Amino acid sequence: MHRLYLDWAASAVPYPDLMESMAKDAVDLYANPSSAHAPGIAAKNALAEARVSLGDSLGVPAESLYFCSGGSEANSIVLLSMLARPIHAAGRASVVISAVEHPSMHEQAAVLARMGIEIIRVKPNASGCIEPEALGNAMKPDTVLVSVMAVNNESAAINQLTVLSKTISESSKGRPVLFHADAVQAFGKIRLKPLELGIDALSLSAHKLGGPRGIGALYLHRPFPVLAKGGGQESGIRSGTPNVSGALACARAAQRATNELDTNLAHARMLEHRLATGLGAIAGATLLPRGRTAGDSRYSPYIMSVAFPGLSGETLARALDGEGIAVATGSACSTGKRDGRVWEAMGTDKALWLSSIRVSTGRTTRAEDIDRFLDSAAKLYARYRL
């Protein structure tokens, strides 16, 4: 039985040739890039090459990029840096984040709260987007950081970062407030240039782009003091011996995703239309957020959540897996626990989100794959619904 993979939001299918070149690089560039001998210099030059290439894809200077283990660590670096800032030593600091952030932001923010930093969570509207007015009202005179993800990994909502950046600037009244965006689900899929968006920090991960797991990057418009110290690699932002072959693969995946963005986006929109139309023909199936339709510019076409009332999402996902079809029931970083935090923040009925699954597509997903999923979902829903 041919396995059908519809969980690209958790991890994209890697480019085979890219992974092969990474394996070769790992063997050829074995030396520590901090070493002064010839093999070390070769590794150092390769790392510099990766940084320049990734900078070209993002439209930012190479020196503003710092390689790390992925989106979660990049998010963590930004949040925990608040503990290294002088304003915190003065005992006054608040951080504003959306209430629908990825667990790597949500859980790390809870750590900051235990350390004395006030965490202010802004709820989205029913569509899953953060309203500028709500964000501006949440900011306080002691706010030092605002973080809003670019594309939500469950609702697929796209936040208007340029508009939010303007709101932050107006609300801060000249005070320095760092604006960070988790762009793990956005970069390489929608048009995204940090310098055009007015953001100060951005997180990305290679394995969402068809690259390897365990490598990603953090963009910083300006560097800042960080909490974790070490050997000073990555200009002191992320110490530790760099993953040179991973950085090269990350840069190549980003370059390919950027070059193929228009083609892949058109493909994703075709699949989204086919999926939404097919789900609309299944009595009871409900797209989430409610009211979403194919082609709605508020959402990424790569991700679609759908509820099957009367059947738990976990049961349906397991049944689909038995038919050789892989889907998800939420964030892949929630360690198997069904967490409705995102949907509850949007005001979605618990019965709906508990019965939902997430379908996410990628560059190799075919129209016939969507048809196969729809046929199986309809059959299983009719068989098992209460």
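The values are calculated or read from the model by the stated rules, or taken from the named source; none is laboratory data. On a predicted model such as this, the values are computed, not experimentally measured, just so you know. All Cβ positions, glycine included, derive from the backbone under ideal geometry; neighbour counts span all protein chains shown.
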All positions within region 304-331 that are part of a loop (DSSP other than H, G, I, E, B), under 20 Å from Ala281 (Cβ atoms) and within 26 Å of the chain's Cα centre (by Cα): Phe308, Val327
Filtered residues of region 127-140 (kept if in contact (Cβ under 8 Å) with a residue 40 or more places away in the chain and either within 19 Å of Leu288 (Cβ to Cβ) or surrounded by 23 or more Cβ atoms within 10 Å (Cβ to Cβ) (or both)): Ser127, Gly128, Cys129
Residue count, region 141-158 (criterion: within 19 Å of Leu218 (Cβ to Cβ) and touching a residue at least 60 places away in the same chain (Cβ under 8 Å)): 5
Yes/no for Ser35 being under 18 Å from Pro223 (Cα atoms) and either without any contact (Cβ under 8 Å) to a residue 12 or more places away in the chain or part of a helix (DSSP H, G or I) (or both): no
Hits in region 279-310 - residues which are among the hydroxyl-bearing types (Ser, Thr, Tyr) and surrounded by 15 or more Cβ atoms within 10 Å (Cβ to Cβ): Thr286, Tyr299, Ser300, Tyr302, Ser305
Single condition Gly313 does not satisfy, out of (1) buried (at least 20 other Cβ atoms within 10 Å of the Cβ); (2) on the phi > 0 side of the Ramachandran plot: (2)
Condition check for Thr348: surrounded by fewer than 20 Cβ atoms within 10 Å (Cβ to Cβ), touching a strand residue (DSSP E or B) at 6+ places or on another chain (Cβ under 8 Å) and not assigned by TED's automatic domain parsing to the domain that holds His106: no
Pairs with Cβ under 8 Å, 6+ apart, first in region 263-284 and on the phi > 0 side of the Ramachandran plot, second assigned to a helix (DSSP H, G or I): Gly284/Tyr381
Evaluation of Lys229 against (1) closer than 29 Å to Ser34 by Cα; (2) exposed (fewer than 14 other Cβ atoms within 10 Å of the Cβ); (3) at pLDDT 95 or above (one fails), failing number: (3)
